[in-house]
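Below is one structure; the comments refer to it alone.
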Amino acid sequence: MTYARYLALGDSMSIDLYPALDAGAIDVAVALERVATAGRVAPLGAASLLYRNADDLWPEEVADDLVTLYPGITMQNLASDGATIGEVFGEQLPQVDGDAGPTLVTLTIGGNDLISAFGNRPRAPLLARIAADVAEAYELLLDAARRVVDECTVIATTVFDPSDGTRKIPGVFEEAGRLPIEVLDAFNAHIRKLARGTPKVLLADAHAHFLGHGVTAPEADRWYWKRSLVEPNARGASEIRRLWRSALASAANG
């Protein structure tokens with residue numbers, strides 16, 4: 001398959017802001033406000049790196065990017081900080097041109113929907129219903145994305161767990177106590193099942209790949225931004241793009 005366009009949909013797992021903050025590759029106004037539109041933000045997020053490698057930061061990845069693999073490919077990154085499944089439906093998909101030719105889509109979504117549910121501390125039966133609704137909404141979104149783009153391959157990405165299974169993330173809902181990560185595990189299992197059973201949907205298992213690089217790791221070995229452990233740092237963004245690239249390579253090799 002040769003792609004004419006790369007389309008990034010989803011949340012902060014795909015954006016430049018936090019990796020650029022981690023690398024210090026932003027204007028002062030962005031650092032102060034944490035708003036990407038406030039100034040220059042270096043293209044160091046997972047989607048940007050997949051499209052075009054940052055050769056100065058990641059020299060070992062030179063020429064291992066989409067612009068090298070598919071000369072002339074364009075990029076549209078519609079992912080946004082804090083996005084939910086509903087926002088991808090209502091704000092991101094309407095901006096997509098369905099006739100741009102064969103398209104590679106990366107999808108990172110669902111984490112904010114679950115975090116919102118955790119923060120409200122619902123009782124277990126209600127949380128289970130909310131989680132089922134989120135999983136169903138994800139499946140509908142995946143189908144909608146495949147319908148909007150005439151000819152596409154989607155890389156569905158699982159949601160990572162910065163707690164590394166400990167159920168606690170410093171600075172995130174600490175008052176809520178132990179996080180119900182079994183809900184996250186079930187959601188990720190649903191994404192894996194969809195990727196196995198849906199034509200032209202590939203899997204990037206960020207959850208499995210990131211385990212051991214969150215709160216249980218020394219700070220130098222973490223793949224999360226130190227000021228907010230639910231966001232990828234520069235290394236984390238590079239690891240996400242490596243997962244996407246690996247999924248593409250595996251599909252190409254049959």
Just tell me which lysines come within less than 21 Å, Cα to Cα, of Lys168; anything on the same chain fewer than 8 places away is out. Lys226
In Å², and per residue, what accessible area does the chain have when probed at 1.4 Å with the other protein chains present? 45 Å²
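In debye to the nearest 20, how big a dipole does the stretch 12-148 give about its Cα centre with +1 on each Lys and Arg Cβ and -1 on each Asp and Glu Cβ? If you can, show how the numbers build up before the last one.
Values: 8 positive and 20 negative charges, 112 e Å.
Here the size comes out at about 540 debye.
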Report, in debye and to the nearest 20, how large the dipole of the chain comes out about its Cα centre when Lys and Arg carry +1 and Asp and Glu carry -1 on their Cβ. 520 debye
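Keeping the other protein chains in place, figure out the carbon and sulfur percent of the accessible area of the stretch 78-208, with a 1.4 Å probe.
Working: 3060 of 5920 Å².
That fraction is 52 percent.
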Over the C-alpha atoms of the chain, what are the Rg and the largest Cα-to-Cα span, Dmax, in Å? 17.5, 52
I want to check the label-to-label distance for Lys226 and Glu60. Put each point 7 Å from Cα in the C-beta direction and report it in nm to one decimal. 2.1 nm
Fluctuation leader among Pro180, Pro162, Pro125 - the chain, Gaussian network, Cα springs under 10 angstrom: Pro125
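Could you work out the helix-only [θ] at 222 nm for the chain, with each DSSP H run of four or more residues adding -39,500 (n - 2.57) and the total divided by the number of residues, to the nearest 500 deg cm²/dmol?
On the way: 9 runs with 98 residues, N = 254.
Mean residue ellipticity at 222 nm (helix-derived): -11500 deg cm²/dmol.
For the stretch 132-214, give the magnitude of the charge dipole about the Cα centre (Cβ charges: +1 Lys/Arg, -1 Asp/Glu; no others), in debye to the nearest 20. Walk me through the intermediate numbers first.
Working: 9 positive and 13 negative charges, 47 e Å.
Computed about the Cα centre, the dipole is about 220 debye.
Take the eigenvalues of the Cα gyration tensor for the stretch 76-135, scale each by 5, and report the square roots as semi-axes in whole Å, largest first.
One finds semi-axes of 29, 11, 9 Å for the stretch 76-135.
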Work from the charge dipole of the stretch 70-200 (Cβ charges, +1 for Lys and Arg, -1 for Asp and Glu, about the Cα centre) and give the residue of Thr106, Thr84, Pro199 farthest towards its positive end. Pro199
Under a no-solvent Debye model with one identical scatterer per Cα of the stretch 113-254, what's log10 I(q)/I(0) at q = 0.12, 0.18, 0.20 Å⁻¹? -0.54, -1.11, -1.27
Starting from the Cα of Lys193, draw a straight line to each of the aspartates and glutamates and keep only those under 12 Å, dropping any in the same chain fewer than 8 residues away. Glu139, Asp205
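The values are calculated or read from the model by the stated rules, or taken from the named source; none is laboratory data. No experiment lies behind these values; they were computed from the predicted model shown. A quick note on method: Cβ atoms are made from the backbone with ideal geometry, for glycine too, and the neighbour counts reach across all protein chains shown. Just so you know, the surface numbers come from the protein's heavy atoms only, side chains and all, with ligands and any DNA or RNA stripped out. Shrake-Rupley method; radii C 1.70, N 1.55, O 1.52, S 1.80 Å.
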